[in-house]
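See below for the structure under consideration.
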Amino acid sequence: MLAVLGCMVSSALPARAQLNEDRPDFTQQLSMALVRNAKSLCSVIFVVGRTPKEAMAIGDITRWEQLNEWWRWDKIDVLVDTARKRVSLGRYPAPPRTAVYNESQGCTMIPAGEDRVFFNPVAVRPNLPPAEETPWPMGDAADRKKPVGINVTKVATALDSAFKNNNPEKGERGWVVLHDGVIVGERYANGYGKSTRNLGFSAGKSVLATLVGILVGDGYLKVDDRAPISEWKAPDPRSLITIRNLMNMAGGLACNNYGQTHPLHFTPEDHHSIGYNEGIDAVQASISPHLRFLPGTVNRYMNCDVLAMVKVVRQTVEQHYPVDQLAFPQRALFDKIGVRTFIVEPDPFGNFLFNGHDYATTRDWARLGLLYEQHGMFNGKRVLPEGWDTFVSTPSAANKGYGAFFWLATAASGIPKDAYYMSGAEGQTTMILPSHGVVIAKHAWAPVKDFNKLVRIIADAVVQTSSDCTNAWRDYGFDGESQCVTYVSKRGPAPAGPIVAAAGSRGAAAEPPPE
């Protein structure tokens, strides 16, 4: 039963198998599942802006019934307190668990047995003029720039394919395609739009990488320095871990990762997911495992490395900057690139969960991609240090398909070989194609279409050689063939083609895990 204070609304979802109450740790597991889902429901209602009834029907909330037979929403007591902005879930024998909305910091899980979070929320408003009065890319008003160098009809064909017979709870939610910074394609599913915040999941890791770049540019960090974490001081072997190791997902910590359907997923033994599953100090839990591998030698996609970097960033900001660390992302990054909707949610102790608790519009993700496509420049000003885009997109020694909190094109993908991207569960992607001048930002929920195929269609829509201009210059938005030829010559060499499986190419890499 879903109860909203002030009105009562019941919602029964499809029945599944009974909860598995035979496990000795069932109550603990159920408690963690309750608080995780309370946080998700809280975010969809108060951050995204859905009504409680609407929220209960979207993929973000129904996913656990699809993943785990022992989770049934029709067996959960749901209380939405719109006055106090809290969501509580209950299911005997576990006590009710609660998440609370903290305005600019979104929603946070409250620790078991507590009634509050242990940080002081900070009101963070963008220091930007109204978006509707500001031309793209610093705002959402039309910039009136004519797309040139790309066939917008082909881009529309890709979007038509992506949204054909589309269900946003099992497919695409929003796409924004840029070429040379101009919006050349934009499409949203029913119920979604350019103002809709979407969950980015692990794409938030790339935002963390961007903040690290700012600290590096300001001279407070160096990527090959040892991670400045006091708990890892020598002679502790973790003192060998560098910032580069952590960003390459090769820190070597003995973190466990049990899949979402594994019996140990909702337990403290799952270090990778504990920040999603319980209201604890996720940073301290993530830096506590011992060293299992020599740093830099083994790539393991683990949130322990990410949250260790959260600690590094937080303490660096608190030591060197006058702004509150909770406001730092907006002031140091988002204000500079026209981003107004980004919310990163913290754990109960104020540590940002860049591993997956992040919400923003598709346009704001496109702005982040544009920052990288423009090599760290935005609106004519340098935001990231020169070469930072090269650093994050350089294959790590431990995995040729992974850079520094960014994924890289591989031989298996068939997309342009210089492509790199921010990636999150369920199809959240912001892809940068530097040699094509293209950024593709998209939100989805468990999409079934071949995304790489659509990327290839968009990449092929870019004019590549002067011969493409012959009798086809109109297709690329030019007023004459000579204008097209001049554009190609100024752009330089033809865009990088698809990767081929050859010696020296980026090796195949596993797709990102769910979270």
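Couple of notes before you dig in:
- Residue check, residue 226 under 21 Å from residue 446 (Cα atoms), open to solvent by 10 Å² or more (accessible area, probe 1.4 Å) and free of Cβ contacts under 8 Å to residues at least 40 places away in the same chain: no
- Any hit, the stretch 184-197, residues being open to solvent by less than 30 Å² (accessible area, probe 1.4 Å), small (Gly, Ala, Ser) and in contact with a helix residue (DSSP H, G or I) (Cβ under 6 Å, 6 or more places away or on another chain): yes
One line per residue, one yes/no per condition, for (1) in contact with a helix residue (DSSP H, G or I) (Cβ under 8 Å, 6 or more places away or on another chain); (2) among the hydroxyl-bearing types (Ser, Thr, Tyr); (3) crowded, with 22+ Cβ neighbours inside 10 Å:
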residue: 411; (1), (2), (3): no, no, no
residue: 416; (1), (2), (3): yes, no, yes
residue: 422; (1), (2), (3): yes, no, yes
residue: 427; (1), (2), (3): yes, no, no
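- If the condition is being assigned to a loop (DSSP other than H, G, I, E, B) and either among the hydroxyl-bearing types (Ser, Thr, Tyr) or touching a residue at least 40 places away in the same chain (Cβ under 8 Å) (or both), then the stretch 126-142 contributes 126, 127, 128, 134, 136, 137, 138, 139, 140.
- The stretch 257-272 residues that are open to solvent by less than 20 Å² (accessible area, probe 1.4 Å), paired with ones that are aliphatic (A, V, I, L, M) and at pLDDT 90 or above (beta carbon under 6 Å, 6 or more apart): 266/32; 266/33; 272/302
- Inclusion of residue 436 among residues that are open to solvent by less than 30 Å² (accessible area, probe 1.4 Å), touching a Lys or Arg at 6+ places or on another chain (Cβ under 8 Å) and not β-branched (Val, Ile, Thr) is not warranted.
- Residues in the stretch 52-98 that are closer than 20 Å to residue 357 by Cα and of a type in the set (Ser, Thr, Tyr): 62, 88, 98.
- Pair list, Cβ under 7 Å, 6 or more apart: the stretch 464-481 residue crowded, with 17+ Cβ neighbours inside 10 Å, other residue of a type in the set (Asp, Glu) and assigned to a helix (DSSP H, G or I): 469/481; 473/481
- Condition check for residue 378 on (1) of a type outside the set (A, V, I, L, M); (2) open to solvent by 10 Å² or more (accessible area, probe 1.4 Å); (3) farther than 28 Å from residue 100 by Cβ: one failure, at (2).
- Within the span defined as the stretch 377-396, one or more residues are in contact with a strand residue (DSSP E or B) (Cβ under 8 Å, 6 or more places away or on another chain) and among the hydroxyl-bearing types (Ser, Thr, Tyr).
- Residue ID - farthest from the chain's Cα centre (by Cα), chosen from residues in the stretch 300-337 that are touching a residue at least 24 places away in the same chain (Cβ under 8 Å) and not in a helix (DSSP H, G or I): 324
- Of the set (1) under 25 Å from residue 232 (Cα atoms); (2) charged (D, E, K, R); (3) surrounded by fewer than 24 Cβ atoms within 10 Å (Cβ to Cβ), all apply to residue 335 but (1).
- Hits in the stretch 224-235 (condition: out of contact with any strand residue (DSSP E or B) (no Cβ under 7 Å at 6 or more places or on another chain), farther than 17 Å from residue 325 by Cβ and of a type in the set (A, V, I, L, M, F, W, C)): 232, 234
- For the condition of a type outside the set (Phe, Trp, Tyr) and either open to solvent by 50 Å² or more (accessible area, probe 1.4 Å) or closer than 27 Å to residue 28 by Cα (or both), residue 307 qualifies.
- Any hit, the stretch 152-164, residues being surrounded by 14 or more Cβ atoms within 10 Å (Cβ to Cβ) and in a loop (DSSP other than H, G, I, E, B): no
- Pairs linking a residue in the stretch 407-433 that is over 18 Å from residue 358 (Cβ atoms) to a residue that is among the basic types (Lys, Arg) and in a loop (DSSP other than H, G, I, E, B), with Cβ atoms under 8 Å and 6 or more positions apart or on different chains, are 408/400; 408/506; 409/417; 409/506; 410/400; 410/506; 411/506; 417/506.
- Residue 287 being open to solvent by less than 10 Å² (accessible area, probe 1.4 Å), touching a Lys or Arg at 6+ places or on another chain (Cβ under 9 Å), among the β-branched types (Val, Ile, Thr) and in contact (Cβ under 8 Å) with a residue 60 or more places away in the chain: no
- Qualifying position, being within 25 Å of the chain's Cα centre (by Cα) and within 14 Å of residue 294 (Cβ to Cβ), among 259, 252, 217: 252
The values are calculated or read from the model by the stated rules, or taken from the named source; none is laboratory data. This structure is a prediction, so every number in the text was calculated from the model and none was measured. A quick note on method: Cβ atoms are made from the backbone with ideal geometry, for glycine too, and the neighbour counts reach across all protein chains shown. Ligands, DNA and RNA are excluded from the accessible area calculation, which covers all protein heavy atoms including side chains. Shrake-Rupley method; radii C 1.70, N 1.55, O 1.52, S 1.80 Å.
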